[in-house]
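Novice: The following block contains the structure, expressed as structure tokens.
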Amino acid sequence: MAGARVDECAARAGASTRQLVYHYFGDKDATLSPRLEWVYEDLRAKERELNLQALPPEQAIRKLIESFL
């Protein structure tokens, strides 16, 4: 985040100005939170698709790790 430029982030997001980014998020650091939440939810959805509950614990952990590596 230290090297990220708000102007560049705004342009990539299709926002007309960086003030728009600040209006919705408050500051640069706050723009990261929604992205992290989206990535985490995506990972959790993929985990649910693995049906780990049907496996013995050791096999479930192995399958989980292999699926993300």
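The values are calculated or read from the model by the stated rules, or taken from the named source; none is laboratory data. Bear in mind that the values here come from a model prediction, so they are computed numbers and not experimental data. Here Cβ is always computed from backbone atoms with ideal geometry, including for glycine, and neighbour counts include all displayed protein chains. Calculation scope for accessible area: heavy atoms of the full protein, side chains included, ligands and nucleic acids excluded. Shrake-Rupley method; radii C 1.70, N 1.55, O 1.52, S 1.80 Å.
Novice: Give the Cα extents of the chain along the principal axes, in whole Å, largest first.
Specialist: 52, 21, 18
Novice: Any chance you could give the angle, 0 to 90 degrees and rounded to 10, that helix 32-49 forms with the longest Cα principal axis of the chain?
Specialist: It works out to around 20 degrees.
Novice: If Lys and Arg each add +1 and Asp and Glu each add -1, what is the summed charge of the other residues whose beta carbon sits under 12 Å from the beta carbon of Ala11? Provide the component values of the computation, followed by the final result.
Specialist: Numbers: positive: Arg5, Arg12, Arg18; negative: Asp7, Glu8.
So the environment of Ala11 carries a net charge of +1.
Novice: Length gain on complete extension for the stretch Ala13 to Val39, per 0.36 nm per residue less the alpha carbon to alpha carbon distance?
Specialist: 7.7 nm
Novice: A further question on this structure: If you roll a 1.4 Å probe over the chain with all protein chains in place, what percent of the accessible area is carbon or sulfur? Working shown, then result.
Specialist: Details: 3220 of 5850 Å².
Percent of accessible area from carbon and sulfur atoms in the chain: 55.
Novice: In Å², what does the accessible area per residue of the chain work out to with a 1.4 Å probe?
Specialist: On a per-residue basis, 85 Å².
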